[in-house]
1. Looking at Gly182, Gly198, Gly151, Gly192 in this structure, which one is part of a helix (DSSP H, G or I), of a type in the set (Gly, Ala, Ser) and surrounded by fewer than 19 Cβ atoms within 10 Å (Cβ to Cβ)?
2. Just checking, which of Ala94, Ala81 is in a helix (DSSP H, G or I), closer than 23 Å to Cys172 by Cβ and free of Cβ contacts under 8 Å to residues at least 60 places away in the same chain?
3. Filter the strands (runs of 3 or more DSSP E) completely within segment 234-303 down to those with at least 1 residues that are at negative phi and aromatic (Phe, Trp, Tyr).
4. If you check Ala248, Ala279, which single one turns out to be surrounded by 15 or more Cβ atoms within 10 Å (Cβ to Cβ), touching a residue at least 60 places away in the same chain (Cβ under 8 Å) and over 30 Å from the mean Cα position of the chain (by Cα)?
5. Go through Arg177, Arg118, Arg173 for me and flag whichever is closer than 25 Å to His55 by Cα, of a type in the set (Lys, Arg) and not in a loop (DSSP other than H, G, I, E, B).
6. For Lys73, are the conditions met, namely being over 14 Å from the mean Cα position of the chain (by Cα), more than 23 Å from Thr201 (Cβ to Cβ), surrounded by 13 or more Cβ atoms within 10 Å (Cβ to Cβ) and among the charged types (D, E, K, R)?
7. Quick one: which residue in Asp63, Asp34 is surrounded by 15 or more Cβ atoms within 10 Å (Cβ to Cβ), part of a helix (DSSP H, G or I) and either in contact with a His (Cβ under 7 Å, 6 or more places away or on another chain) or modelled with pLDDT under 85 (or both)?
8. Restricting attention to segment 88-102, which residues are among the hydroxyl-bearing types (Ser, Thr, Tyr) and more than 17 Å from Ala61 (Cα to Cα)?
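The values are calculated or read from the model by the stated rules, or taken from the named source; none is laboratory data. Keep in mind the model is a prediction, meaning the values are calculated, not measured. In this analysis, Cβ positions are derived from the backbone assuming ideal geometry, glycine residues included, and neighbour counts consider all displayed protein chains.
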Amino acid sequence: MTWDPFEQAPHDAINWFRDRVPVTVSEWSTLSQDARRRAFFISGTSQLDLIGDVHKSLLKALDEGKSFAEWKKEMRPRLEAAWKASGQGPTTTAQINNRMGTIFQNNIQSAYQAGRFRQMTDPDVLKERPIWVYVSVMDDRTSDRCRKLNGTTLPHDDPFWVKNHPPRHPRCRSSIRSIPAGDAQLKAAPAGVQAEPGWGTMPKPGEWATEMSKGVGQGAAAAQWTPAWNGNAPTAVKGYGLPAQLPARPLPKPQATPASRQMMSDPLDTVLLYNPEIAPLPAGVSSEVLQETLENPAEIWLMPMQSNKGTVVYRQRHISSYQDGDETLLVIVESHRGVVIGVQVLPAEKSEEVRQGFVRHQKKNK
C-alpha cells in the first residue's frame, strides 16, 4: 500500500487552529489583514468568554472528528442565547442552523486546508509531488468562483496559489491535491476569477506556533516587528476607559534565588516558558518579581505584531506596577508564542506606551 500523507490524523490542522486567538468583532475590525488570519471571532456576540469556548469546542471537534450535528447539539443553547440577548443574531430555527453551519464549516475547512498546506509544502513531499491541482466539489451547491477553477493544474510555486488557496469564500468546500510532475498536464486558471474579499490567502509558515525557547527567541530577534493594526492600537485610556495609572503594590523582596529556566502559569492558564538565556532580568528585577508579574499580573495585554517577513504573532504583555521606595515602576514581561522574550522596567508615567492592544485580564483589587 502506498503511504498517503493526507490520510493521517489532522495534527497540522489542529495545531493551526489551536493558534487562532479569540477576539471580539470590534477588536477584529482593528486588525491588519494578515493579523485577522490569526484571529477567531463570531459575529453577533461580544462575549469574549463565549467566543473562547466556541473556539475550544471547534478545536475539540477537530481533535475528535466530531460531526456538525454533534457540535451543534453541544453549542446551540449558548450561541442561541447570546444571539437573542444581543439582538443582532439569527432568530428562526433555519437562520440559527445556517449561521452555525457557516461557523462550523468555515473554521473546520480552513483548518483542514491549512493542515494540508503544511503537509504539501514539506520538502520531501514537494520533491515527489510538486504540482498542485484545484479540486472543487461539483454539485448544485458549487459556487461559480470554484466551478470555473476545478481542474486548474499548476506548479506549487505559481503565483496563482498565493491568492487562490481554499477556502476562497464562505462555506467553500474546495481543496488542493498534489501530484507528481510526471502525472501533470498543466491547465491554467481562467482569467478574471477571483476569491471573495478576505478569502483565498495562502497560509504562511509563521501561522503554526510549534517552536520553543531558543528557537522562538532567535526567530523573534531575527526579524523586525511592527504593531499589526488597521489604524491606532486601543489603549488603556482611549480604548478601554481604564485608569491612567495602575495601582502599585510593594516590590517583592528578593530571596537571592537565581533566575533559572522554568515554566509558569498565569491567571488565563497560559503556560509560559522562561529561559534566562533568552530574556535576562534587568537591574532591579528579581526572580520573585518575575514570578509575581507572570502569575499575578495587574493586567495582561495582547498585541498583534507583524514581522518584515509577513509573519503575524499575538504577543502577550504581563504588566504590574510596584512601589520601590519613593519610586513607582512598571514591570513588563513580554512573551512570544508561549516563550518569555523580554523583561522591561519603565517609570510609571510610561504606562500608556505599553498598555496597548487587547485587554485579556485585570486584577481585581480587594
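1. Gly182
2. Ala94
3. 271-274
4. Ala248
5. Arg118
6. So Lys73 fails the test.
7. On inspection, the qualifying residue turns out to be Asp34.
8. Thr91, Thr92, Thr93
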